[in-house]
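Note sheet for the following structure.
The values are calculated or read from the model by the stated rules, or taken from the named source; none is laboratory data. Predicted model only: the values in this text are computed from it and were never measured. Cβ coordinates were reconstructed from backbone atoms using ideal geometry, including for glycine residues, and neighbour counts include every protein chain displayed. The area values use the complete protein model at the heavy-atom level, side chains included, leaving out ligands, DNA and RNA. Shrake-Rupley method; radii C 1.70, N 1.55, O 1.52, S 1.80 Å.
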Amino acid sequence: MVKSAEELTALFRSRGLKVTPQRQVIFRVLSSTTHHPTAEAVYAAVRSELPTISLRTVYQSLNDLAAMGELSALDLGTGSTRFDPTLEPHHHLVCEGCGTIEDLHHDFSGVILPAPAAEGFEVNATEIVFRGRCATCAAHDHNAAAPFPGTPPSEL
Ligand SMILES: [Zn+2]
Ligand SMILES: [Zn+2]
């Protein structure tokens, strides 16, 4: 379960970290989304409530939370670090069109490391990344198909 803003605030306190209004809003933004936002996206959402907050403060708070193990900083090849507040092991669907990252909760425990890689390597966790196109991008691709057969892509 994603921690509530209250739980995260209590956790910050218990670890001797200062609980600022900025951090509280950042907690709230993070716990209200499943979209693995970038630091910039968190910043944009937080700024609607705290117009004077700096991107630097947002970065610092996200990095604090990641260092505490309260969220994951993911690099899934979308070009920016994505922050994931869901801590239980899970998998991801990455859209190569728009960069959307969705969670997938599914038991892939039957997936095993083949020999010879399995020799001497102890698996602790299996994280699977599916890359492709989300429904929105796939529908768009379909509609944007070449209007005339043979139209070179550069002219679209
Ligand atoms: Zn997409
Ligand atoms: Zn996730």
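Quick rundown of the values:
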quantity: Fraction of accessible area attributable to carbon and sulfur, the chain (%, probe 1.4 Å); calculated: 55 percent
quantity: About the Cα centre, charge dipole magnitude for the chain (Lys/Arg +1, Asp/Glu -1 at Cβ), debye; calculated: 720 debye
quantity: Full-stretch length increase - residue 88, residue 141 - with 0.36 nm per residue and alpha-carbon distance subtracted; calculated: 15.7 nm
quantity: Inter-label distance, nm, simple model (7 Å from Cα along the C-beta direction), residue 112/residue 4; calculated: 4.3 nm
quantity: Karplus-derived 3J(HN,Hα), 6.51/-1.76/1.60, for each residue of region 65-75, Hz, glycine and proline x; calculated: 4, 5, 5, 7, x, 8, 8, 9, 9, 9, 10
quantity: Length gained when the stretch residue 96-residue 121 is fully extended (0.36 nm per residue, less Cα-Cα span); calculated: 5.9 nm
quantity: Accessible area (Å², per residue) of region 4-76, counting only protein heavy atoms and a probe of 1.4 Å; calculated: 54 Å²
quantity: Helix-only [θ]222 nm of the chain, DSSP H runs n ≥ 4, -39500 (n - 2.57) each, per residue, nearest 500; calculated: -10000 deg cm²/dmol
quantity: Net charge over other residues, Cβ less than 13 angstrom from the Cβ of residue 136 (K, R count +1; D, E count -1); calculated: -2
quantity: Phi to ³J(HN,Hα) by Karplus 6.51 cos²θ - 1.76 cosθ + 1.60 over region 39-51, Hz, x for Gly, Pro; calculated: 4, 5, 5, 4, 4, 4, 5, 5, 5, 5, 9, 10, x
quantity: Gain on full stretching of the segment that runs from residue 68 to residue 33 - 0.36 nm per residue minus C-alpha separation; calculated: 10.6 nm
quantity: Neighbour count of at most 14 Cβ within 10 Å plus DSSP loop: longest GluC sites (Glu not before Pro)-free window in the chain; calculated: 1-48
quantity: Cβ-Cβ FRET estimate between residue 105 and residue 49, R0 fixed at 35 Å, reported to 0.05; calculated: 0.70
